[in-house]
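First the structure, in the form of structure tokens, and then the observations on it.
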Amino acid sequence: MHLGRLSVLLLLLWGWLCLSPAAPVLAQATPAPAGLPKILEFDRKFCPICQASERVILAVRDRYPGQFEVEKLYIDEADTVFRRYKVAFVPTQVFLNAAGQEVARHEGVYKEEVLIQKLRELKFIRD
């Protein structure tokens, strides 16, 4: 019975650590500069799928320089923002227009051409 209580206590402690705002300053997504849309990339550190997603998004950003911003947010550094945007799966991309309003979201890894098509649709990029 003692081991059961210890397990429950450890589980509660672990849950509290995962969900408590450890760094409120880091937990706030920065607003997009005036006139520039932004992709919030929600990830977990050391996640290979998240790293693949990051490579695609940064490649597209570099292909269309100065047309949109990318902000990486890690659950262990920005859990308050994860909760605010109701992100339950990583990687997740949240697309914010120039006014900072969410206009789309996607879960998983984009193929580069599909992401470019989505950014054109949202008028984040122009050729």
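Long-range amide H contacts for LYS72: which residues qualify at under 5 Å (H placed 1.01 Å from N, peptide plane, sequence gap of 5 or more or a different chain)?
Counting only residues 5 or more places away or on other chains, the set is GLU41.
Under the Karplus relation 6.51 cos²θ - 1.76 cosθ + 1.60, θ = phi - 60°, what is the ordered set of whole-Hz ³J(HN,Hα) values for region 37-48, x standing for Gly and Pro?
So the J values, rounded to whole Hz, are x, 9, 10, 8, 9, 8, 9, 10, 4, 6, 8, x.
If you filter region 58-97 for trypsin sites (Lys or Arg not before Pro), then keep DSSP loop positions with at most 16 other Cβ within 10 Å, what is left? Could you put the intermediate results ahead of the total?
Details: sites: ARG61, ARG63, LYS72, ARG83, ARG84, LYS86; in loops: LYS86.
Loop-located and lightly packed - LYS86.
For the pair LEU58 and GLU121, what calculated FRET efficiency results from E = 1/(1 + (r/R0)^6), where r is the Cβ-Cβ distance and R0 = 30 Å, to the nearest 0.05?
Details: r = 20 Å, r/R0 = 0.67.
The calculated FRET efficiency here is 0.90.
Across region 112-127, in residue order, what do the Karplus-derived ³J(HN,Hα) couplings come to in whole Hz, using 6.51 cos²θ - 1.76 cosθ + 1.60 with θ = phi - 60° and x for Gly and Pro?
So the Karplus estimates, Gly and Pro as x, are 4, 5, 5, 5, 4, 4, 5, 5, 5, 4, 7, 6, 7, 10, 9, 7 Hz.
Within 10 Å of each residue's Cβ, count the other Cβ atoms and sort LEU122, LEU115 from fewest upward.
Values: LEU122 16, LEU115 22.
Ranked by crowding around the Cβ, least crowded first: LEU122, LEU115.
Going by C-beta contacts inside 10 Å, put GLU54, GLU41, GLU107 in order with the fewest on the left.
GLU107, GLU54, GLU41
Quick check on the exposure proxy: order ASP43, ASP76, ASP127, ASP62 from fewest to most C-beta atoms within 10 angstrom.
Details: ASP43 21, ASP76 13, ASP127 5, ASP62 8.
In order of increasing Cβ crowding within 10 Å: ASP127, ASP62, ASP76, ASP43.
Collect residues whose amide H, placed 1.01 Å from N in the peptide plane, falls under 5 Å from the amide H of LEU122; neighbours closer than 5 in sequence don't count.
The answer is none.
With the crude spin-label approximation of a point 7 Å out along Cα→Cβ, what separation in nm comes out for LYS111 versus GLU71?
About 3.1 nm separates the two model spin labels.
Here, each number is a calculation from the coordinates, and none is a lab measurement. This is a predicted model, so every value here is computed, not measured. A quick note on method: Cβ atoms are made from the backbone with ideal geometry, for glycine too, and the neighbour counts reach across all protein chains shown.
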